[in-house]
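The values are calculated or read from the model by the stated rules, or taken from the named source; none is laboratory data. Values in this document were obtained by computation on a predicted structure and should not be read as measured data. Methodologically, a virtual Cβ is constructed for each residue, glycine included, from the backbone with ideal geometry; neighbour enumeration extends over all protein chains shown. Keep in mind that these areas ignore ligands, DNA and RNA; they rest on the heavy atoms of the full protein, side chains included. Shrake-Rupley method; radii C 1.70, N 1.55, O 1.52, S 1.80 Å.
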Protein chains: 2
Amino acid sequence: MSAASETAGYRFNHTMIRVKDPQASIKFYTEILGMELLSHYKFDSFTLYFLAFDHSGGALTAREKKDSRFSREGVLELTHNHGTESDPSFSGYASGNTDPGRGFGHIAITVPDVAAACERFERMGVTFKKKMSEGSMKTIAFILDPDGYWIEIVPPSVVLGPGDE
Amino acid sequence: MSAASETAGYRFNHTMIRVKDPQASIKFYTEILGMELLSHYKFDSFTLYFLAFDHSGGALTAREKKDSRFSREGVLELTHNHGTESDPSFSGYASGNTDPGRGFGHIAITVPDVAAACERFERMGVTFKKKMSEGSMKTIAFILDPDGYWIEIVPPSVVLGPGDE
């Protein structure tokens, strides 16, 4: 069988990152970026939070949103190891973009209007890694989440360079 | 305005990870996991590869798939910094799951039947981080991609523990 038939129904469900302070992170991902908290679950030493954008126009119930956390695409899972938020010896998590620890790069959020989104982020005090005016790619920006993870802000269509039309 | 109105149309578009050898990674994500390569673009010192699952049942053209790379959800972006694949001094990328470099955790793929998927992965020689029989969560597995990034294999519905029904 081909991969196409053997992997039918496969989905890229979620991306997991660890966060120091879930209150700060959930505030950021819901109030700044507009995701919704689908569900959270507390284990003894850590809690998992599942967030995603609601594209249903409000048609989904809270139960349906929770049930979708392992079946839909575009889910962000935040892992909070209890205590990091108040531990003065905790030095924070690696963004993945510097040595040692380079590997993971970023997550990206598509927005209808990058300039309008960035103006709103600035008003809300978001930290920028790269404003639209900086660097060679003027159509995109990078902001930082509360842990310093990079979040690319992209329009729905990007031409990366010559020959990419 | 509420976040819901100001962030209407936002999507969690992609997750970017760096890879040492794009040939190995693309073979893994397409042949083992069943993703499709939507597009790639070569810059002077690095190349970007965009992959995703096709849920259209073959209805989308290659052009439409390429055009969706910055607008849809569930896209995986692989960054290949040229030369790493043949550089004996390159020590590899961090998975994000050990110190130093802890932060990013994993990506997750939803499959209709985890046991069947894992049997196929075993036949294809995939390295497991956690088989279904290991650990406390018997309904999921973790495999490793060619760079050692963790990939969670999950069913469409998971009960995390008591009270999570």
Note to self: Looking only at region A:31-49, filter to residues that are under 14 Å from the mean Cα position of the chain (by Cα) and farther than 21 Å from B:Phe104 by Cβ; which one of those is least open to solvent (accessible area, probe 1.4 Å)?
What the structure shows: A:Gly34
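Suppose we filter region A:1-27 for residues that are more than 7 Å from chain B (Cβ to nearest Cβ) and either in contact (Cβ under 8 Å) with a residue 12 or more places away in the chain or within 23 Å of A:Ser86 (Cα to Cα) (or both); how many remain?
At the first step, the residues of region A:1-27 found to be more than 7 Å from chain B (Cβ to nearest Cβ) are A:1-2, A:5, A:8, A:19-27.
Those still in the list that are either in contact (Cβ under 8 Å) with a residue 12 or more places away in the chain or within 23 Å of A:Ser86 (Cα to Cα) (or both) too: A:19-27.
Within region A:1-27, residues that are more than 7 Å from chain B (Cβ to nearest Cβ) and either in contact (Cβ under 8 Å) with a residue 12 or more places away in the chain or within 23 Å of A:Ser86 (Cα to Cα) (or both) number 9.
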Notebook entry, point to check: Which number in (1) within 15 Å of A:Leu33 (Cβ to Cβ); (2) assigned by TED's automatic domain parsing to the domain that holds A:Ala24; (3) surrounded by fewer than 22 Cβ atoms within 10 Å (Cβ to Cβ); (4) not small (Gly, Ala, Ser) marks the one condition that A:Val75 misses?
Noted result: (3)
Next item on the list: Select from region A:128-143 the residues that are touching a residue at least 12 places away in the same chain (Cβ under 8 Å) and open to solvent by 60 Å² or more (accessible area, probe 1.4 Å) and write down the one among them that is nearest to A:Pro112 (Cα to Cα).
Entry: A:Thr139
Checklist line | Among the candidates B:Pro100, B:Pro156, B:Pro146, residue that is out of contact with any strand residue (DSSP E or B) (no Cβ under 7 Å at 6 or more places or on another chain), surrounded by 17 or more Cβ atoms within 10 Å (Cβ to Cβ) and either touching a residue at least 40 places away in the same chain (Cβ under 8 Å) or farther than 21 Å from B:Gly34 by Cβ (or both) | finding: B:Pro146
Checklist line | Candidate set: region B:28-52, residues that are over 22 Å from A:Ser136 (Cβ atoms) and assigned to a loop (DSSP other than H, G, I, E, B); chosen: the one nearest to the other protein chains (Cβ to nearest Cβ) | finding: B:Gly34
Margin query: Going by what's in this entry, would A:Arg11 be described as within 16 Å of the chain's Cα centre (by Cα), surrounded by 14 or more Cβ atoms within 10 Å (Cβ to Cβ) and outside the structural domain of A:Thr110 (by TED's automatic domain parsing)?
Written below: no
Check: Hey, among the residues in region A:11-21 that are of a type outside the set (A, V, I, L, M, F, W, C) and not in a loop (DSSP other than H, G, I, E, B), which one's farthest from B:Tyr29 (Cα to Cα)?
Finding: A:Arg18
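Out of A:Ala4, A:Ala24, I need the residue that is at pLDDT below 95, not in a loop (DSSP other than H, G, I, E, B) and not assigned by TED's automatic domain parsing to the domain that holds A:Phe104. Which one? Don't jump to the end; show me each part of the working.
On the way: A:Ala24 fails: at pLDDT below 95.
None of the other options fit; the residue is A:Ala4.
Test of understanding: among A:Gly125, A:Gly57, A:Gly92, A:Gly105, which residue is in the same structural domain as A:Asp145 (by TED's automatic domain parsing) and either at pLDDT below 95 or part of a loop (DSSP other than H, G, I, E, B) (or both)?
Values: A:Gly57 fails: in the same structural domain as A:Asp145 (by TED's automatic domain parsing); A:Gly92 fails: in the same structural domain as A:Asp145 (by TED's automatic domain parsing); A:Gly105 fails: either at pLDDT below 95 or part of a loop (DSSP other than H, G, I, E, B) (or both).
Criteria check complete, one pass: A:Gly125.
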Next item on the list: Return the residue satisfying two criteria in turn: it lies in region A:55-71 and is at the interface with another protein chain (Cβ under 8 Å from one of its Cβ atoms) and surrounded by fewer than 20 Cβ atoms within 10 Å (Cβ to Cβ), and of such residues it is nearest to A:Tyr29 (Cα to Cα).
Entry: A:His55
Check: Could we say that B:Glu85 is surrounded by fewer than 16 Cβ atoms within 10 Å (Cβ to Cβ), more than 12 Å from chain A (Cβ to nearest Cβ) and either touching a helix residue (DSSP H, G or I) at 6+ places or on another chain (Cβ under 7 Å) or not in a loop (DSSP other than H, G, I, E, B) (or both) here?
Finding: yes
Notebook entry, point to check: Quick check: anything in region B:129-136 among the hydrophobic types (A, V, I, L, M, F, W, C) and either within 22 Å of B:Val19 (Cα to Cα) or at the interface with chain A (Cβ under 7 Å from one of its Cβ atoms) (or both)?
Noted result: no
